[in-house]
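Just below is one structure, and these are the notes that go with it.
The values are calculated or read from the model by the stated rules, or taken from the named source; none is laboratory data. The structure displayed is predicted, hence computed values, not measured ones. Here the Cβ positions follow ideal geometry from the backbone for every residue, glycine too, while neighbour counts run over all protein chains shown.
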């Protein structure tokens with residue numbers, strides 16, 4: 001007992017030092033000072049303070065979560081230790097920064113930063129407050145393990161929501177200002193910056209109360225869908241609700257959010273396509289942007305009066321763009337069929353670059369406009385209405401995503417989908433079963449290319465112009481990332497991944513230059529803690545937890561052996 | 001005419017001469033085993049027969065028809081099915097889906113269902129786990145699945161690559177029992193094994209392979225008594 005307890009002191013101290021190190025890093029890159037103006041709760045605490053105190057809280061929480069079954073006394077002590085250690089590192093930074101000029105190396109090491117860290121107090125009492133608050137953070141985290149889980153879950157929810165709402169104040173006010181009678185009450189929660197203290201208390205009480213109530217509700221027998229008829233009715237009702245919500249989103253959310261949604265949906269379109277190539281058939285394609293470019297440029301070339309004496313309309317050009325993408329998919333597919341894994345990735349990467357460079361080249365300028373791109377691209381017309389605002393184009397994206405998601409979903413459960421998966425799992429065995437891998441791989445490439453191309457045509461119509469520089473490698477990587485974040489091979493995963501990956505940078509715009517730092521950190525944390533993705537394919541999940549599986553298989557094998565023995 | 005006839009097969013990996021003129025025959029209804037140590041060319045022989053590797057020289061004939069002219073994925077239509085080394089089940093497909101994939105070459109849905117029933121009769125364990133993902137099966141079950149999957153194609157000859165690999169001894173016995181049973185139902189089997197003792201126990205005839213060449217061929221009984229085989233592969237002095 002004694003030895004076990006003493007052995008935990010060292011990791012706890014380490015965790016505290018790491019938390020302090022993170023807080024120092026965030027201070028020195030300038031995030032603390034920049035966001036000190038942004039209040040979460042007006043006049044009480046700012047975003048900057050959250051940034052340098054949160055590491056202690058989080059580290060303490062995760063440390064204690066890992067080390068279960070401690071006495072409550074120990075939990076508080078470890079929490080306190082982590083908080084104090086983290087605080088000491090910050091204190092050390094302040095002492096160093098105020099006595100020496102660190103600015104030669106750390107440009108953000110200004111007196112302003114140290115004022116913030118000492119809460120605008122004189123040095124000695126300021127440092128005491130800093131240390132005390134860090135310690136409080138550590139103890140707060142341990143508190144969540146001491147109270148009943150139902151309460152602590154509700155409290156955590158409440159705090160998270162207060163932080164989020166305070167942070168996104170401007171966006172929330174912009175959106176709710178369109179909601180008529182609701183606009184006034186919502187606005188009254190907020191101050192000029194962040195939430196009003198009373199507003200924060202109200203929000204916290206509301207959210208944690210709701211959460212507490214919902215968690216405690218016993219599942220009544222009536223809720224369990226006993227009859228299949230009821231269940232299918234519920235199923236369709238849910239879908240109908242979702243569709244109505246999706247249709248109503250643009251007027252509810254306004255132009256800014258509709259624009260974000262357009263981007264999100266465009267990436268969903270591409271993501272569903274790449275998911276077929278990478279997720280279903282297992283062909284790692286890093287040049288996926290090529291098909292997007294081909295779709296967009298075909299639309300441009302055929303509909304722009306700049307390049308065309310007799311330009312087509314969007315709908316006339318669409319089938320040609322689709323055919324061009326399928327053909328391009330086949331052209332890329334043919335030479336790379338023999339390649340696997342990393343080799344395939346490099347070749348497709350090259351293909352993507354070739355397409356971009358062709359579009360950029362002076363040689364093809366008369367057709368593709370070179371670095372000037374193509375302007376005056378036609379926008380889709382339905383009846384007498386030209387779809388030209390973000391909100392109208394949203395419906396076109398929605399329609400495209402709906403059709404493509406349905407096709408992908410049907411494909412996955414078809415013989416073709418299973419054949420792709422068989423090729424992905426073991427190509428040689430698949431061939432020995434009689435699967436013509438050439439034909440099936442080409443089909444995967446062509447389908448993926450088609451979906452990406454459709455996204456390209458809407459993209460061209462939305463901006464009314466295409467430029468070679470929008471067709472860069474980063475697009476391919478973004479699409480690949482969103483599939484991985486969402487869950488490889490999972491169709492709902494594409495939606496979630498795109499929402500998180502393409503939506504959050506837009507929402508985080510306030511973080512200005514730090515948003516990609518935050519975004520990168522999120523990616524790293526995500527892959528470490530949840531490698532199977534946010535909404536994984538059930539089968540994929542099994543694979544990534546192979547260790548557990550192997551352990552299980554071991555148990556199975558032993559059971560099997562003993563069963564055989566006893567049968568003999 | 002033998003069912004399968006391999007004539008003077010030379011296969012290369014790049015510049016490495018892996019098979020140096022292999023010739024063997026398998027008669028209809030037989031179990032023939034190919035034994036030998038690591039790197040002797042056993043797996044290479046099987047992969048060349050089913051077309052996954054192209055020989056530089058030599059012929060593979062099934063009922064007199066030369067198979068080397070066909071693409072790998074067409075060969076299963078001629079009546080050759082393979083149980084790959086290390087089982088090679090499609091880990092993320094269910095047991096049922098794996099079996100259906102095995103019947104990829106069959107056109108008739110009725111035939112597929114009939115075969116599935118037959119496989120479930122042969123391996124009742126698979127029936128219990130029909131909707132389970134193959135990657136979560138135990139080693140023995142995966143071997144059953146791989147064997148069942150190959151049988152789904154109604155092959156006239158089954159190529160089995162090291163079915164005993166990585167299995168507990170009791171399970172190896174079970175697998176070899178089913179090999180005999182499948183053979184009694186009329187499927188010819190070419191069996192590659194490192195476990196020479198077990199392989200020679202079920203086989204009618206055997207070939208001994210060493211560094212890409214056949215050094216011995218005889219009936220299984222006689223090979224078991226052969227002093228070279230006893231020393232090198234059966235661990236007897």
In region A:484-568, which helices (runs of 4 or more DSSP H) lie fully inside it and hold 3 or more residues that are modelled with pLDDT under 65 and within 12 Å of chain B (Cβ to nearest Cβ)? A:538-544, A:546-567
Looking at region B:157-175, which of the residues that are under 12 Å from the mean Cα position of the chain (by Cα) and more than 12 Å from chain A (Cβ to nearest Cβ) is surrounded by the fewest Cβ atoms within 10 Å (Cβ to Cβ)? B:164
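Rundown of residues vs (1) surrounded by 10 or more Cβ atoms within 10 Å (Cβ to Cβ); (2) modelled with pLDDT under 85, yes/no style:
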position	(1), (2)
A:217	no, yes
A:224	no, yes
A:228	no, yes
A:232	yes, yes
A:245	yes, no
A:256	yes, yes
A:259	yes, no
A:262	yes, no
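Residue-wise test of (1) in the same structural domain as residue A:70 (by TED's automatic domain parsing); (2) more than 28 Å from the chain's Cα centre (by Cα); (3) surrounded by 12 or more Cβ atoms within 10 Å (Cβ to Cβ); (4) in a helix (DSSP H, G or I).
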residue: A:108; (1), (2), (3), (4): yes, yes, yes, no
residue: A:134; (1), (2), (3), (4): yes, yes, yes, yes
residue: A:153; (1), (2), (3), (4): no, no, yes, yes
residue: A:183; (1), (2), (3), (4): no, yes, yes, yes
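Tell me, which helices (runs of 4 or more DSSP H) wholly within region B:39-106 include 2 or more residues that are more than 23 Å from residue B:135 (Cβ to Cβ), more than 9 Å from every other protein chain (Cβ to nearest Cβ) and in contact (Cβ under 8 Å) with a residue 24 or more places away in the chain? Outline the logic, then answer.
On the way: elements: B:42-49, B:72-78, B:95-102.
Helices (runs of 4 or more DSSP H) meeting the threshold: B:42-49.
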Reported set for region B:145-156 where residues are part of a helix (DSSP H, G or I) and within 11 Å of chain A (Cβ to nearest Cβ) is B:146, B:149, B:150
In region B:13-38, how many residues are part of a strand (DSSP E or B) and in contact with a strand residue (DSSP E or B) (Cβ under 6 Å, 6 or more places away or on another chain)? 14
Find the residue count for region A:505-522, including only residues that are without any contact (Cβ under 8 Å) to a residue 60 or more places away in the chain and surrounded by fewer than 15 Cβ atoms within 10 Å (Cβ to Cβ). 6
Using the structure shown, decide if residue A:42 is surrounded by 17 or more Cβ atoms within 10 Å (Cβ to Cβ) and closer than 16 Å to residue A:119 by Cα. yes
Can you confirm whether region A:358-380 contains a residue that is in contact with a helix residue (DSSP H, G or I) (Cβ under 8 Å, 6 or more places away or on another chain), under 30 Å from residue A:424 (Cα atoms), buried (at least 19 other Cβ atoms within 10 Å of the Cβ) and in the same structural domain as residue A:285 (by TED's automatic domain parsing)? no
Would you point out the residue of region A:424-440, among those that are surrounded by 24 or more Cβ atoms within 10 Å (Cβ to Cβ) and assigned to a helix (DSSP H, G or I), that is farthest from the other protein chains (Cβ to nearest Cβ)? A:430
Checking residue B:132 against (1) buried (at least 22 other Cβ atoms within 10 Å of the Cβ); (2) in contact with a strand residue (DSSP E or B) (Cβ under 7 Å, 6 or more places away or on another chain); (3) more than 9 Å from chain A (Cβ to nearest Cβ): exactly one of these is not met. Which one? (1)
Any residue that is touching a helix residue (DSSP H, G or I) at 6+ places or on another chain (Cβ under 7 Å) and either in a loop (DSSP other than H, G, I, E, B) or outside the structural domain of residue A:501 (by TED's automatic domain parsing) (or both) - is there at least one of those in region A:451-464? no
Does region A:327-338 include one or more residues that are over 26 Å from the mean Cα position of the chain (by Cα) and under 22 Å from residue A:465 (Cβ atoms)? yes
